[in-house]
Amino acid sequence: TPVADQVAMIVEDDALGTSTATYRELAIATSRFAQLLRYLDVRLEDRVLIRLPNSLAYPTAFFGAMKRGAIAVPTSTLLTADEVVYLAKDSGATVLVTDKTMWAGLHDKLAGLSGLRHVLLTGPGEVISAARLNVVDLDAELARIDSYSQPHKSRAQDPAYLVYTSGTTGYPKGVLHA
């Protein structure tokens with residue numbers, strides 16, 4: 001398309017600097033992410049909990065989950081480990097996407113969740129394993145994918161993402177959006 005090589009996204013981060021992606025690069029990255037979810041047997045409407053800092057991995061995971069037909073569950077990096085556990089349980093997340101630094105503080109608390117099966121880690125650092133969980137380096141896995149299926153053909157009423165309220169008057173409540 002005429003805009004494929006134009007900049008689609010600019011992400012600025014104090015630690016990582018500025019990153020950009022064209023529409024073409026974003027389309028390929030999200031298709032690879034969706035394909036990885038297929039390889040991991042993530043099914044339609046499975047929840048993908050996303051806890052990432054400002055990075056190109058965030059829109060890759062968010063839109064990639066939608067391309068698979070899974071439900072993206074975006075969260076804030078300001079949440080405590082206990083709050084992440086609550087959201088993972090409440091949403092029924094089968095996948096967590098986070099960075100290696102954040103995972104270091106989460107892995108002990110999330111290893112016992114019955115529904116969580118996969119943890120996809122991005123960024124620099126060590127891949128720390130956890131009992132019962134398939135923990136993988138997201139960047140390495142995406143780099144291996146050179147072909148992918150067409151996106152899930154969603155309908156207007158299909159759920160796309162699940163957003164949680166701030167929980168100022170109690171536990172956060174999930175709001176499902178189509």
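The values are calculated or read from the model by the stated rules, or taken from the named source; none is laboratory data. Every value quoted in this text rests on a predicted model; they were computed, and no experiment measured them. As a convention, Cβ positions derive from the backbone with ideal geometry for all residues, glycine included, and neighbour counts pool all protein chains shown. Calculation scope for accessible area: heavy atoms of the full protein, side chains included, ligands and nucleic acids excluded. Shrake-Rupley method; radii C 1.70, N 1.55, O 1.52, S 1.80 Å.
What the table shows:
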item	result
Conditions (1) farther than 18 Å from GLN35 by Cβ; (2) surrounded by fewer than 20 Cβ atoms within 10 Å (Cβ to Cβ); (3) modelled with pLDDT of 95 or more; number of the one not met by VAL73	(2)
Failed condition for ASP5, given (1) assigned to a loop (DSSP other than H, G, I, E, B); (2) in contact with a strand residue (DSSP E or B) (Cβ under 6 Å, 6 or more places away or on another chain); (3) free of Cβ contacts under 8 Å to residues at least 12 places away in the same chain	(3)
Of residues in segment 34-59 being assigned to a helix (DSSP H, G or I) and more than 25 Å from TYR86 (Cβ to Cβ), the one most open to solvent (accessible area, probe 1.4 Å)	TYR39
Residue under evaluation SER147, criteria (1) open to solvent by less than 30 Å² (accessible area, probe 1.4 Å); (2) under 16 Å from SER31 (Cβ atoms), criterion not met	(1)
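Residue-wise test of (1) closer than 29 Å to ALA15 by Cβ; (2) among the β-branched types (Val, Ile, Thr); (3) surrounded by 14 or more Cβ atoms within 10 Å (Cβ to Cβ); (4) out of contact with any Asp or Glu (no Cβ under 7 Å at 6 or more places or on another chain).
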position: VAL85; (1), (2), (3), (4): yes, yes, yes, yes
position: LEU116; (1), (2), (3), (4): yes, no, yes, yes
position: VAL119; (1), (2), (3), (4): yes, yes, yes, yes
position: ARG132; (1), (2), (3), (4): no, no, no, yes
position: PRO151; (1), (2), (3), (4): no, no, yes, yes
